1. Is it fair to say Thr53 is under 29 Å from the mean Cα position of the chain (by Cα) and either over 25 Å from Met154 (Cα atoms) or assigned to a strand (DSSP E or B) (or both)?
2. Looking at region 307-315, can you tell me whether even one residue there is buried (at least 16 other Cβ atoms within 10 Å of the Cβ), modelled with pLDDT of 90 or more and touching a strand residue (DSSP E or B) at 6+ places or on another chain (Cβ under 9 Å)?
3. Surrounded by 14 or more Cβ atoms within 10 Å (Cβ to Cβ) and within 23 Å of Gln160 (Cα to Cα) - does that describe any residue in region 289-297?
4. Which of the residues spanning region 165-188 are touching a residue at least 40 places away in the same chain (Cβ under 8 Å), surrounded by fewer than 22 Cβ atoms within 10 Å (Cβ to Cβ) and within 16 Å of the ligand (Cβ to nearest atom)?
5. Can you find a residue that is touching a Ser or Thr at 6+ places or on another chain (Cβ under 8 Å), within 16 Å of the ligand (Cβ to nearest atom) and either among the hydrophobic types (A, V, I, L, M, F, W, C) or within 23 Å of Trp200 (Cα to Cα) (or both) anywhere in region 305-316?
6. Using the structure shown, decide if Asp320 is in contact with a Lys or Arg (Cβ under 7 Å, 6 or more places away or on another chain) and not aliphatic (A, V, I, L, M).
7. I'd like to check something: does region 349-372 contain any residue that is within 26 Å of the chain's Cα centre (by Cα) and more than 18 Å from Ile274 (Cβ to Cβ)?
8. Given the conditions (1) loosely packed, with under 13 Cβ neighbours inside 10 Å; (2) within 19 Å of Gln97 (Cα to Cα); (3) among the β-branched types (Val, Ile, Thr), and given that Ile63 satisfies all but one, which numbered condition is not satisfied?
Amino acid sequence: MGSARQDFLDLLRDSAGRGAFVKLTLGRYLGSDATLRNLYVRPVMIHAGPRWTFVWHHETRDITKNFPPGKGLNQVERLIGADFGTANLFTTTKDAQLEFPPGGQAWLKIVAHEASAPPSDRHDRQKARYIVPGATWLQCLGVTTSNGMVREGMAAKFKQINRFVELLAPLVREAPLPADRPVEVADMGCGKGYLTFAAWQHLHESAKTPVHVCGIELRQELVDDCNATARNCECAGLEFSAGAIADAVVDPLDVLIALHACDTATDDAIARGIKANAALIVVAPCCHKEISPHLVAPAVLAPALRHGIFHERQAEFVTDALRGLLLEWAGYDTRVFEFISTEHTAKNLMIAAVRRPQADNREAAASRARDFAGFYGIRSQHLARLLDFPLT
Ligand SMILES: C[S@@+](CC[C@H](N)C(=O)[O-])C[C@H]1O[C@@H](n2cnc3c(N)ncnc32)[C@H](O)[C@@H]1O
């Protein structure tokens, strides 16, 4: 045994950390279960987060069990060379074979091959992750462990930023971004910077021109922490600035993103994007407190909206629908969709707006926004005020 076994485990740990682990098979069973043949292990993403699925193949049946990646790795460590005499690891760039010959020295053979696509880690095998868990900034922000495993309590956040970036990627390709200077990106109300770092990594790696990303956040201590992490992890072109969204100096601004900026901070962010003529504005709104007390139910809806829950949901709908209509009026093609399943968060709506080459038919768009607000008795709303758009 010795270093061959350790090198094999290091390769497994490293590939898992980089999202490159495809499959592990353990064979030549040495234990006392007469029906067990072999064990297959592969990474999957389930609702509870990333897991390693272990399938024990017996003569007439299979037994399947999921483990968090850290525990999965411990299991494998315990089993190879003890319960199983051979192990084969498949990664996106290398395959490795570890053998424990009876009475002899363990040996390891590693074969590099052309890079294949990262494995789909979902049970339904549909989507690859955009942000691989091996990045050092994920470790510094406490999303992953030093082994590159997503921490138990951070699976939802990891999934959320992956999904945001997954949706952002095609929008960035679609938006009319400048080709002759660095693309300027701002993440408004960036908090601890999870999305800012994730968006930076994706854009930095995929954009044709250099990218400069700035996170704007009210709380100075979070900004200081994020700047320290960006420096320590050598994230070139990523910085954080303290202040209110409404006062942030962002000029030029090409891509504006905001994930759960509180209440009307989402309106501040959208307005900043519109005023800077940003090519792309992508926001996932948070709480919707402003409209609720002013929402006057149209007569036909009044009996339904006397129920608090309907009233609240209607206030959310009216707020976000009005934001979409105002973006249309401002010259943006706007789409609204669910960005992450409701089982992860109720704040799961995304508004994505791509600037049109020319703002056309503004009067018709203005009428639509005004008629909509009027229907619900809304006479004033934060984004409309910021855009000097009279709702009455
Ligand atoms: C719910 S957190 C979301 C943080 C981050 N975007 C994320 O999703 O992980 C909202 C953040 O927005 C910040 N914030 C709220 N209003 C703001 C404003 N007007 N200007 C700047 N930051 C603001 C808060 O301090 C908080 O950190």
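The values are calculated or read from the model by the stated rules, or taken from the named source; none is laboratory data. These numbers come from a predicted model, not from an experiment. Backbone-built Cβ (ideal geometry, glycine too); neighbour counts: all protein chains shown.
1. Working: under 29 Å from the mean Cα position of the chain (by Cα): yes; either over 25 Å from Met154 (Cα atoms) or assigned to a strand (DSSP E or B) (or both): yes.
Answer is yes for this residue.
2. For region 307-315, residues buried (at least 16 other Cβ atoms within 10 Å of the Cβ), modelled with pLDDT of 90 or more and touching a strand residue (DSSP E or B) at 6+ places or on another chain (Cβ under 9 Å): absent.
3. no
4. Leu167
5. In the first step, residues of region 305-316 are kept if they are touching a Ser or Thr at 6+ places or on another chain (Cβ under 8 Å); the result is 311-312, 315.
Going one step further and asking which of them are within 16 Å of the ligand (Cβ to nearest atom), we end up with none.
No: zero hits.
6. Numbers: in contact with a Lys or Arg (Cβ under 7 Å, 6 or more places away or on another chain): no; not aliphatic (A, V, I, L, M): yes.
Taking the combined requirement at face value, the residue does not satisfy it.
7. yes
8. Among (1) loosely packed, with under 13 Cβ neighbours inside 10 Å; (2) within 19 Å of Gln97 (Cα to Cα); (3) among the β-branched types (Val, Ile, Thr), Ile63 violates only (2).
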